[in-house]
1. Using mean Cβ contacts within 10 Å as the protection proxy, how do 43-53, 336-346 order, highest first?
2. Under a crude label model (7 Å from the Cα following the beta-carbon direction), how far is Asp127 from Lys219 in nanometres?
3. Using the alpha carbon gyration tensor of region 140-237, what are the three equivalent-ellipsoid semi-axes (square root of 5 times each eigenvalue), largest first, in whole Å?
4. Could you work out the Rg to Rh ratio of region 225-328, with Rh taken as the Kirkwood radius (inverse of the mean 1/r over all Cα pairs)?
5. With +1 assigned to the C-beta of every Lys and Arg and -1 to the C-beta of every Asp and Glu, and no other charges, what is the dipole magnitude of region 209-285 about the Cα centre in debye, to the nearest 20?
6. Just name one of Val246, Ala364, Leu337: the one whose Cα is farthest towards the positive end of the charge dipole of region 243-370 (beta-carbon charges, Lys/Arg +1, Asp/Glu -1).
7. Non-local amide H neighbours of Ile67 (under 5 Å, H modeled in plane, Pro and chain starts lacking H): which ones?
8. Place the peptides 222-233, 205-216 in order of packing, highest mean first, counting for every residue the other Cβ atoms within 10 Å and averaging per peptide.
Amino acid sequence: MNDSVLRIINSYNPDAPLEAASTIPSSWYTDPCIFEFEAQTVFSRSWQFAARVDQLTGAGSYATTEIAGEPIVVVRGSDEKLRGFFNVCRHHAAAVMTEPEGRAHHLRCPYHGWTYSLEGELKGMPDFTGVCNFDRATNGLVPIQTAVFEKWVFARLSGKEPGADLTAFLGEDLIQQLSGFNFASLHWFQRRRYELKCNWKVFVDNYLDGGYHVPHLHKGLDSVLDYSKYTIENGERFCLQSSPMVATNDEEVGAVRGGPRAFYYWLYPNFMLNYYEGTLDTNLVRPLAIDRTEVIFDFYFADVSDAARERNLASVTVGDRIQQEDLDICESVQRGLNSRAYEAGRLSVRREAGEHLFHRLLYADLKSGV
Ligand code: FES
Ligand SMILES: [Fe+2]
């Protein structure tokens, strides 16, 4: 930890109430030291989305990902249990599983053929006789914590703090609220990825501005939301933004965004659930560099039959249009954050309580790593 990181962290005041608060300073979005420090703290200690449960049906099914720059694989064992590992071979560190998802009898490294069981134990090392002081039993894949919540597998890299299981991390309140949506009746349909030239927090801030930008930036979406009745409720580590839906003249949007209310849940730090009646999309915000971010959208629908395909695609297309509008503004914000003219901004009391929560939680996580 160098002094400059400490100075940057301390330049935010987490104690100011919303009406007196400023955003986190621009250096948090532009200084590469912060990117590194977030990987060690925020993204290593929180529970992170790792895979969808529907990718992992049956023994031997697996999915790979990266969390905080670490290669990860989640595998369903012969005993049907889900396990997570660093996807790093104990021989010379190659990635053992190289496909995004698939099914295997065992986990074989493509480099020199070392083989691990579905439970992560090292089983075979070609041409390795004569090697002394090598304990096969302690050279299995290095495990990480995993746990399932609803349709998703979450993983956590650092397991040092006792008692921090996924349930405690999400909190009873959130679990209770989400159980009311019957996500089990929805089925995964499609994934879309976007790459943005901005810091990951710019995207999260944009998501958490309480609909502030909706009438200005998303004219189509605005036509189905009752902006004046938009609500913002903070939980311990989540924020729910919700809006009643109204009839619209925008046929493209109106045809695929229905139901009485829209629900937008943000789960600290980087996972979102957007629910309209019978439609769910999740957003995973993955930092790639201080000024580059990938956002992965997974779309779920109640009916994913061929007959419903066209309507589902139309819904994804509406999501895509909204996303494009957000992407452009996020990149504009990142350019502004680099400007000498900007240091921090004030928050709308009516709209931006979610951002205030986000910034304070971030501060607490970064501070705990000092
Ligand atoms: S790096 Fe995996 S077998 Fe050599
Ligand atoms: Fe938006």
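1. Ranking, from highest mean packing down: 43-53, 336-346.
2. Using points 7 Å along Cα→Cβ, the separation is 6.6 nm.
3. Listed largest to smallest, the semi-axes of region 140-237 are 31, 19, 17 Å.
4. With Rg and the Kirkwood Rh in hand, the quotient comes to 0.98.
5. 140
6. Toward the positive end, the furthest listed residue is Ala364.
7. Ile72
8. Ranking, from highest mean packing down: 205-216, 222-233.
None of the figures in this text is laboratory data; all of them are computed from the coordinates on show. Remember, it's a predicted structure, so these values are computed and weren't measured experimentally. Heads up, the Cβs are rebuilt from the backbone with ideal geometry, glycines too, and the neighbour counts pull from every protein chain shown.
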